[in-house]
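I have placed the structure first, in the form of structure tokens, so that the comments after it can refer back to it.
The values are calculated or read from the model by the stated rules, or taken from the named source; none is laboratory data. Please read these numbers as outputs of a predicted model, since none were measured by experiment. Here the Cβ is made from the backbone with ideal geometry for all residues, glycine too, and neighbour counts use every protein chain on show.
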């Protein structure tokens, strides 16, 4: 649910800064989180799923850059459904980010580390940490990118381990799971709204600069993910990659690069923690926007309208903390993928409705294609995930209507 506004006027931030902001919001998520669940069913076919995920992200990025309001162009109820999907997806991502942070940074006590990083991220959000500019984005993105390049180089430069004689031949994966892998890998492009629809107080690039930056960001992320997937598959193989909670660390160890493990853990900590800050900030932003649009009528809404957002940060972090011991990371990734695809299906639909009376043929066709492919990818996820998503969206939208006292 977004307030419709006019295209933003150009500001001081230029194309390189916009690209870095976009990469910084994505680069800590996909490499450390998504390769293993994408390989679980598809195996090596996850490489074919990457371009499909990139095309879906490209359509979603162009649609969100139009700043179309789902509630205004589709109605209040679709707005609630889409908002519920995005909020639940962000919550699931926060859980998986914190859990994966613990697995990489403190493998002896991952649960404790997950709660600690969640508390630190919530405190940082309350203090305005999420409003960093391109300078800090350069630093965070540079650290993570260096680590990823070192991992890719080490894994591709060393021959893969030789399987023992008589060991079963690893399966290459099921090509029928290609769409499922693409749905999961689409999450690796999540975070692009930091560029296409930034909040007040965040860097505001010009509309034309944003449109030029979108294909650059998608291309860089796609190439990076492809090289990383090749490196991980080369060293671990599809089966071992699918089972690894920390595939980058396991890959460098398999490549006789145990000396690199501290660097990998440091890069994972920086990337995952920064993404967690942005995810919690996005959840806070959704609550604030719902309060401003009179979609919620709670004490939190009163605080949001008064400009006091730190209690919302605490409530959001508490919501994620309660879900931490309850959600299995693999199931959380599937649920997040399905919910976020539902959200962007509505976002593409809203953009199409907005542009249908305008003489802008290609943007409307992009939105139509994005709508269709988002639905297809969501439908490719496991049946239990689809059923859970339907239940979550139904309960969430009804609860939202009950809280707001507006059923129309």
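For the structure I just gave you, tell me whether residue 128 is modelled with pLDDT under 75, farther than 20 Å from residue 240 by Cβ and either out of contact with any helix residue (DSSP H, G or I) (no Cβ under 9 Å at 6 or more places or on another chain) or buried (at least 23 other Cβ atoms within 10 Å of the Cβ) (or both). Against the criterion (modelled with pLDDT under 75, farther than 20 Å from residue 240 by Cβ and either out of contact with any helix residue (DSSP H, G or I) (no Cβ under 9 Å at 6 or more places or on another chain) or buried (at least 23 other Cβ atoms within 10 Å of the Cβ) (or both)), residue 128 qualifies.
Matching residues to (1) over 17 Å from the mean Cα position of the chain (by Cα); (2) farther than 22 Å from residue 99 by Cα:
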position	(1), (2)
193	no, yes
209	yes, yes
213	yes, yes
229	yes, no
240	yes, no
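Only one entry of 367, 394, 401, 378 meets the criterion of being part of a helix (DSSP H, G or I), at pLDDT 90 or above, in contact with a helix residue (DSSP H, G or I) (Cβ under 7 Å, 6 or more places away or on another chain) and on the phi < 0 side of the Ramachandran plot, and that entry is 378.
Comparison of 273, 281, 254, 290 shows that the only residue that is in contact (Cβ under 8 Å) with a residue 40 or more places away in the chain and under 26 Å from residue 49 (Cβ atoms) is 254.
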